[in-house]
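Single-structure report; data block below.
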Amino acid sequence: MNRVIAFFDFDGTITSKDSLLEFIKYCKGRRAFYTGFLLHLPVLVAFKLKLLSNQRAKEIMFRYFFGEMPVEEFEQHCLDFSREEMPSMIRPKAWKEIRKLQESGAEIVIVSASPEDWLSHWCKLAGATCIATKLVVRDRKISGEIDGLNCHGREKVRRIREAYDLAGFSQIYCYGDTPGDRYMLSLGTYRFYKPFR
């Protein structure tokens, strides 16, 4: 057995910017972005004080910015964003590490709290598997709700174990950049915290 797999957090680890925030700016413009966050300042404060969960805060913001948007329109925004904006957000050292691992035969898996809707496009181009937050669609419109749990913290581990039998890998590389990634990092035979900064 000599199978190798590498799990990467995306935002902040592979990227220099948060893709969710950049996606909102891309779709809505900077003025609408800052206005929306100013209007939801109580939500952000409650989240920072741990009075509101990461998932609930994210759903409130998603509903405000994208609720009732036709799914076809949303998907086009995601595709355009992945092509036009995301390449410039990728840390060169992270990209080099991904390529080095792929050349050695490792399977690359991106595990992210960001929605799979734009991340999956980038993963496809990068030759990586995408495990990410899923959004609820109702009547062909974005509801603003998260399907199941936000792919964050312990949920990353649950989703990884659901998709992979880790006992089948001789080497497991894990990369993250926030305290919430420590659960995923604990799976690794090789662990890297903020490695590309």
Looking only at residues that are more than 12 Å from Phe62 (Cβ to Cβ) and of a type outside the set (Gly, Ala, Ser) in the stretch 122-133, which one is modelled with the lowest pLDDT?
Leu125
Tally up the residues in the stretch 85-111 that are of a type in the set (D, E, K, R) and free of Cβ contacts under 8 Å to residues at least 12 places away in the same chain, please.
4
In the stretch 121-172, what residues are among the β-branched types (Val, Ile, Thr) and in a helix (DSSP H, G or I)?
Val157, Ile160
Looking only at helices (runs of 4 or more DSSP H) that fall completely inside the stretch 1-73, which ones have 1 or more residues that are crowded, with 18+ Cβ neighbours inside 10 Å and among the acidic types (Asp, Glu)?
19-28, 54-66
Within the stretch 129-174, can you find the residues that are more than 14 Å from the chain's Cα centre (by Cα), surrounded by 18 or more Cβ atoms within 10 Å (Cβ to Cβ) and either at positive phi or polar (S, T, N, Q) (or both)?
Ser143, Gly144
Just to be sure, is Pro115 closer than 25 Å to Lys17 by Cβ and either without any contact (Cβ under 8 Å) to a residue 12 or more places away in the chain or out of contact with any Phe, Trp or Tyr (no Cβ under 7 Å at 6 or more places or on another chain) (or both)?
yes
Take Gln55 and tell me if it is in contact (Cβ under 8 Å) with a residue 24 or more places away in the chain, polar (S, T, N, Q) and in contact with a Gly (Cβ under 7 Å, 6 or more places away or on another chain).
no
More than 25 Å from Glu72 (Cβ to Cβ), of a type outside the set (Gly, Ala, Ser) and touching a residue at least 24 places away in the same chain (Cβ under 8 Å) - does that describe any residue in the stretch 133-144?
no
Boolean, Ala94 is in contact with a Cys (Cβ under 7 Å, 6 or more places away or on another chain) and either at pLDDT 95 or above or in a helix (DSSP H, G or I) (or both)
no
For residues that are within 11 Å of the chain's Cα centre (by Cα) and small (Gly, Ala, Ser), scanning just the stretch 109-128, find the one that is surrounded by the fewest Cβ atoms within 10 Å (Cβ to Cβ).
Ser120
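The values are calculated or read from the model by the stated rules, or taken from the named source; none is laboratory data. Computed from a predicted model, the values in this text were never measured in an experiment. Every residue, glycine among them, receives a Cβ derived from its backbone with ideal geometry; neighbour counts consider all protein chains shown.
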